[in-house]
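Visitor: Mind having a look at this structure? Questions to follow.
The values are calculated or read from the model by the stated rules, or taken from the named source; none is laboratory data. These numbers come from a predicted model, not from an experiment. Positions of Cβ are backbone-derived with ideal geometry, glycine not excepted, and every protein chain shown enters the neighbour counts. Just so you know, the surface numbers come from the protein's heavy atoms only, side chains and all, with ligands and any DNA or RNA stripped out. Shrake-Rupley method; radii C 1.70, N 1.55, O 1.52, S 1.80 Å.
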Amino acid sequence: MSLNQQHCHESIRYLATSSFRENDPKFIGTINEVNYELLTANEAEFIELLYFKLKNIALRNRILYGLIRCKELELKNFFQKAYKKERYLDMRLLAIHGLAHYATEEEIDKVIDHFLKILMKRPETTPYNYQEYEFLRSTFGLPLLIKKYGYPCFEKALQQVEKQYDAMPEAFKGHFTFDANGKAVQLRSPHETKQMIERFFAAQSGH
């Protein structure tokens, strides 16, 4: 057994035996440190159960990122359930990333149909929805799925994202993106982003 595998097994053992405290730094750190690609089927099953117990979105996000890299395990059922559980479109798209590895194009078509219905309601419920849009249109978002699978439904979803993104005021565009590994890349400083958005709302209210 390699040192990496040993470390992975020890991390899972800690998570399985420690008390379930989502705000505990060691608990958070261990979820972030797990080498998901080295998980056994039983360990992945435990991580799935943990995912559905977690209220912390950042930790669920980390698990989704990890499990989409477990190509050797049968995780179709998990990603179907994860898609239904999540409410944010970026999290749903992560679940679709995982699901696409196992599902047929026809199955993905149906999921994207549902995804589009939610997406098209966003301008009413969240008019300045730049956080979700930036992930969906980033290198790691829909463009990666288009490159990998070439399904027309992914193209259609990206066109809709771009249409809604373009309709937003400039103050909400170009603040950050995600690279090919899904890592956030800041394009502006948080201060500059804050200033642009504050200026926009001040102009709206006439101040």
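Visitor: Two decimals is fine: what is log10 I(q)/I(0) at q = 0.13, 0.17 Å⁻¹ for the range 19-132, from a Debye sum with one equal scatterer on every Cα and no solvent?
Guide: The calculated log intensity ratios at q = 0.13, 0.17 Å⁻¹ are -0.53, -0.86.
Visitor: Per-residue accessible area for GLU10 at 1.4 Å probe radius, Å² rounded to 10?
Guide: Roughly 80 Å² of GLU10 is accessible to a 1.4 Å probe.
Visitor: Can you give the Kirkwood hydrodynamic radius of the range 149-206 from its Cα pairs, in Å with one decimal? Walk me through the numbers on the way to the answer.
Guide: Details: mean 1/r = 0.0736 Å⁻¹.
With all distinct Cα pairs of the range 149-206 included, I get 13.6 Å.
Visitor: Per q in 0.08, 0.20 1/Å, what log10 I(q)/I(0) does a Debye calculation on the alpha-carbon atoms of the range 58-207 return?
Guide: Log10 I(q)/I(0), no solvent term: -0.24, -1.30.
Visitor: Related question: Divide by every residue of the chain the summed helix terms, -39500 (n - 2.57) for each DSSP H run of at least 4, and state the resulting mean residue ellipticity at 222 nm, rounded to the nearest 500 deg cm²/dmol.
Guide: Values: 11 runs with 138 residues, N = 207.
Mean residue ellipticity, 222 nm, calculated: -21000 deg cm²/dmol.
Visitor: Nearest 10 degrees is fine. How inclined is helix 89-100 to the longest principal axis of the chain, computing both from alpha carbons?
Guide: Its long axis makes an angle of about 50 degrees.
Visitor: Looking at the P(r) of the range 91-141, how many percent of alpha-carbon pairs lie beyond 16 Å?
Guide: 45
Visitor: Also, I was wondering about something else. Could you list which residues have their amide H under 5 Å from that of PHE176, counting only those 5 or more apart in sequence or on another chain, with H placed in the peptide plane?
Guide: LEU187
Visitor: Excluding ligands, DNA and RNA, what is the solvent-accessible area per residue of the chain at a probe of 1.4 Å, expressed in Å²?
Guide: About 55 Å² of surface per residue is accessible.
Visitor: Using modelled backbone amide H atoms (1.01 Å from N, in-plane), which distant-in-sequence or interchain residues come within less than 5 Å of GLU86's amide H?
Guide: Distant-sequence amide H within range of GLU86: zero hits.
Visitor: Let me ask you something else. Once you charge only the Cβ atoms, +1 for Lys and Arg and -1 for Asp and Glu, what is the size of the charge dipole of the range 1-95 about its Cα centre, to the nearest 20 debye? The partial results should precede the final answer.
Guide: Details: 15 positive and 12 negative charges, 96 e Å.
Dipole about the Cα centre, nearest 20: 460 debye.
Visitor: Another question, if that's okay. Compute the acute angle (0 to 90°) between the alpha-carbon long axis of helix 190-205 and the principal axis of greatest extent of the alpha-carbon atoms of the chain; round to the nearest 10°.
Guide: Roughly 40 degrees between the two axes.
Visitor: Compactness ratio of the range 127-173: Cα Rg over 2.2 N^0.38 Å, N = residue count?
Guide: 1.15
Visitor: I would also like to ask the following. Any idea which of TYR149, ASN23, GLN160 is furthest toward the positive side of the dipole for the chain, if Lys and Arg beta-carbons carry +1 and Asp and Glu beta-carbons -1?
Guide: Toward the positive end, the furthest listed residue is ASN23.
Visitor: Oh, and also: Among ALA44, PRO169, ALA184, whose Cα projects farthest towards the positive end of the dipole of the chain, with charges put on the beta-carbon of Lys, Arg (+1) and Asp, Glu (-1)?
Guide: Ranked along the dipole, the leading option is PRO169.
Visitor: Counting Lys and Arg as +1 and Asp and Glu as -1, each charge on the Cβ, what is the dipole of the chain about the Cα centre in debye, to the nearest 20?
Guide: Working: 29 positive and 27 negative charges, 85 e Å.
Rounded to the nearest 20 debye, it is 400 debye.
Visitor: Quick one: what are the phi-derived ³J(HN,Hα) couplings along the range 73-84, Karplus 6.51/-1.76/1.60 with θ = phi - 60°, whole Hz, x for glycine and proline?
Guide: 9, 8, 10, 4, 4, 4, 5, 5, 5, 5, 4, 6
Visitor: Shifting gears a bit: Using a 1.4 angstrom probe on heavy atoms only, work out the carbon and sulfur share of the accessible area of the chain in %.
Guide: Numbers: 6020 of 11420 Å².
So the carbon and sulfur contribution to the accessible surface is 53 percent.
Visitor: Largest first and to the nearest Å, give the Cα extent of the range 1-60 along each principal axis.
Guide: In descending order, the Cα extents are 33, 21, 20 Å.
Visitor: Kirkwood hydrodynamic radius of the range 43-108 from all distinct Cα pairs, in Å?
Guide: After inverting the mean inverse Cα-Cα distance, the result is 11.7 Å.
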